[in-house]
Amino acid sequence: SMQCLPGLVLALSSLLGALALLQLSLYLRVPSRYGKHEERLCRARGRLPARCAWFLQELPSFLVPALLLALRSPPRLEPLGCRLLCCLFCWHYFYRTFIYPFFTRGRPFPLQLLFFGMLFCIYNGFLQGYYLIYCAEYPNDWCTDIRFTSGLLLFLLGMGINIHSDLLLRQLRKPGEVTYKIPQGGLFTYISGANYFGEIVEWFGFAIATWSLPAFAFAFFTLCCIGPRAYHHHRYYLKTFTDYPKSRKALIPFVF
Ligand code: NDX
């Protein structure tokens, strides 16, 4: 049966960090080509309805750790921290897989990116799940440790902001519409990338709560993946809407 291989965790986490840097170098100047940044040039590529695409893409991030958790024999009952943290991860991806796609009004998603997105979700789902279920060691009172409690708080706060902002974006369109409008309300009052800000806070919270290399690597990946995207969204809005609120920042309220 499976056991913890610390070398594997180190290798997979380092590769995730390297992928994050690759993303940063690829997407700092030009945005990844989906949603509002997909240009007419790319129209010939195959695409899948947003609903199917997001469901398929995010499913492995829920399924892989959930299966690892369910199938481990003997089941890992101690300490509570490991199971709780694994459940937090699955909880986010339950939302992203089974709830978010069914309400999205997004444009069809490019197949090629869907393929890489799925690979990424398998990879990361395995790394986070495997680490928490086979490797992580926490003292029995981890649930009252300041790292766990403050990290959990940040995770919940970030998730709340992310879900609320996803909802505000969705409400900008009637069903079947694919036009872009100026997002209003919630944290969109201060930043263009409110949903991304929430997601970044969420995964840094998760990293602090788990206090682990794989989770910090994933938080860093998230920052490098959607941080630049928030900046490109911001530029797109400034270019498209002459009445775009002047005081609004890209990703960090009042700062950047
Ligand atoms: N999926 C994470 N890299 C990604 C998909 C793309 O969950 O090859 C990473 C994720 C993947 C990426 C994933 C991994 C890296 C990939 C990349 C593609 C290339 C890249 C594979 C897996 C790659 C290397 C080289 C390393 C291999 O029509 P529309 O779709 O634009 O409509 C939008 C709508 N909307 C508006 N409607 C009206 N008016 C407006 N002004 C509007 N603005 C937006 O709202 C959408 O329906 C919806 C949201 O749009 P948007 O653009 O704000 O968010 P989106 O980027 O689609 O993300 C949706 C949610 C969001 O909450 C975000 O936080 C979360 O997913 N997310 C997204 C990406 C990654 C991620 C989280 C993470 O890293 N944790």
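Rounded to the nearest 500, what is the chain's calculated 222 nm mean residue ellipticity when only DSSP H runs of at least 4 contribute -39500 (n - 2.57) each, over all residues?
Using -39500 (n - 2.57) per qualifying helix, the result is -20500 deg cm²/dmol.
Please give the helix 111-130 orientation as an angle from the longest Cα principal axis of the chain, in degrees from 0 to 90, rounded to the nearest 10.
The angle comes out at about 30 degrees.
Roughly how many debye, to the nearest 20, is the charge dipole of the chain about its Cα centre, given +1 on each Lys and Arg Cβ, -1 on each Asp and Glu Cβ, and no other charges?
Result for the chain is approximately 1320 debye, rounded to the nearest 20.
Compute the orientation-averaged projected area for the chain from the convex hull of its Cα atoms and round it to one decimal in nm².
14.1 nm²
Long-range amide H contacts for residue 48: which residues qualify at under 5 Å (H placed 1.01 Å from N, peptide plane, sequence gap of 5 or more or a different chain)?
Residues meeting the criterion, in which the H sits 1.01 Å from N, are 109, 111.
Could you pull out every one of the aspartates and glutamates with an alpha carbon less than 15 Å from that of residue 181, ignoring same-chain neighbours closer than 8 positions?
The qualifying aspartates and glutamates are 166, 243.
Taking 7 Å along the Cα-to-C-beta vector as the label spot, tell me the residue 144-residue 168 distance in nanometres, rounded to one decimal.
The two pseudo-label positions are separated by 3.8 nm.
Measuring from label point to label point, each 7 Å out along Cα→Cβ, what is the residue 122 to residue 52 span in nm?
Label at residue 122, label at residue 52, 1.9 nm between them.
Work out, step by step, the length gained on full extension between residue 179 and residue 240: first 0.36 nm times the residue separation, then minus their alpha carbon distance; give nm to one decimal.
This chain segment gains 20.8 nm when fully extended.
Can you give the angle from 0 to 90° between the axis of helix 146-170 and the longest principal axis of the chain, with both taken from C-alpha atoms, to the nearest 10?
Helix 146-170 and the main axis of the chain meet at about 30 degrees.
Using +1 at the Cβ of each Lys and Arg and -1 at the Cβ of each Asp and Glu in the chain, identify which of 253, 178, 231 lies farthest towards the dipole's positive end.
My answer, from the dipole projection, is 178.
Bear in mind these aren't lab numbers, they're just calculated from the coordinates by the rules spelled out. Source: prediction; values computed, not measured. Because the Cβ atoms are built from the backbone with ideal geometry, glycine has one as well, and the counts that use them run over all protein chains shown.
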